Structure formats: structure tokens, C-alpha cells
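Data block below; observations after.
The values are calculated or read from the model by the stated rules, or taken from the named source; none is laboratory data. Keep in mind the model is a prediction, meaning the values are calculated, not measured. FYI the Cβ positions are ideal-geometry reconstructions off the backbone, even for glycines, and counts take in every protein chain you see.
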């Protein structure tokens, strides 16, 4: 359990410079960060499921796009509580992950645009399937 705490809090056995230690420092305790991770992650899942349920209502495409995007952002923000925002951004924009990160964020923006302004169901479906492919490749590339 102690090793899990060290890894999740960013206190690996590797030596860190003073700047990295200051940037990665968090005033939140491990228990507080774990609680907020769970809250954000569950909220992300809830918003995504709610958006999917609202998709079947008349005019629900716009609600789907908004809630699905909120769900993805909440799930993404949840890991900020475990690693810290600076460390997460560094990992997201590593050389091997930057393309997947940029495309995923663009797809979130295009999802909102496709539903709110263009009202194109095909474009919306494409914007939803692209991040799924990218998440799979993101996992494979990171290993």
C-alpha cells in the first residue's frame, strides 16, 4: 500500500530536481486526493451515461454532446488528483503521446461543434469513435 501511495503521489525512488519537486508538490493529503479522484471519476461516468441516455430523446443530440464532453473532461480531471496537474500534463504531452492527446482534445471540441452548430449526426459519430481508437492506441503506445 505504501508503494502505491508513493507511485501515485509522484514520489518514485528516482531523484528529482528542486524545480520538479516544487511543481509536483501538493497541499492535499493522499486520502483527500483519492476521494476527489473517485468523485470526479464517478461524475465522469455518470455524465457519460446520462448523455447516452439523453441521446434517445427528441433533440437529445445536443444534450448528449454536452454531457458526454463533460463526462470525458471530469474523468480526465480525476487523474489530476492522483498525479497532480503538472505531472499529468507532462505525461500527456510526452513525445510518444502528444499526437493522441491533441487529437483527443480536438475530438472533444469537434463533438460540441458537430452537435451544437452543425447538427450532423455522422460527424458526431466520427468524433465519438476517434477518441475510442486513440485511447486504445494511447494505452498500447505507453507500454
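Could you list all residues from segment 83-102 that are more than 13 Å from the chain's Cα centre (by Cα) and farther than 30 Å from residue 27 by Cβ?
95, 96, 99, listed by residue number.
Quick grid of which residues meet (1) farther than 28 Å from residue 33 by Cβ; (2) modelled with pLDDT of 85 or more; (3) buried (at least 19 other Cβ atoms within 10 Å of the Cβ):
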| residue | (1), (2), (3) |
| --- | --- |
| 68 | no, yes, yes |
| 79 | no, yes, no |
| 90 | no, yes, no |
| 111 | yes, no, yes |
| 142 | no, no, no |
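Residues of segment 81-98 being within 19 Å of residue 43 (Cα to Cα) and without any contact (Cβ under 8 Å) to a residue 24 or more places away in the chain, which ones? Quick ask: steps written out before the conclusion?
Quick first cut of segment 81-98, residues within 19 Å of residue 43 (Cα to Cα) only: 81-85.
Answer for segment 81-98, where residues must be within 19 Å of residue 43 (Cα to Cα) and without any contact (Cβ under 8 Å) to a residue 24 or more places away in the chain: just 85.
Just checking, does segment 53-67 include any residue being touching a residue at least 12 places away in the same chain (Cβ under 8 Å), under 26 Å from residue 125 (Cβ atoms) and outside any helix (DSSP H, G or I)? I'd like the intermediate steps shown before the answer.
The initial filter retains those residues of segment 53-67 that are touching a residue at least 12 places away in the same chain (Cβ under 8 Å), namely 54, 61-67.
Going one step further and asking which of them are under 26 Å from residue 125 (Cβ atoms), we end up with 54, 61-67.
Among the residues that remain, those that are also outside any helix (DSSP H, G or I) are: none.
So far as segment 53-67 goes, no, none of its residues is touching a residue at least 12 places away in the same chain (Cβ under 8 Å), under 26 Å from residue 125 (Cβ atoms) and outside any helix (DSSP H, G or I).
Assess whether residue 48 counts as being surrounded by 13 or more Cβ atoms within 10 Å (Cβ to Cβ) and either at pLDDT 80 or above or assigned to a helix (DSSP H, G or I) (or both). Write out each step before concluding.
Details: surrounded by 13 or more Cβ atoms within 10 Å (Cβ to Cβ): yes; either at pLDDT 80 or above or assigned to a helix (DSSP H, G or I) (or both): yes.
The answer is yes for residue 48.
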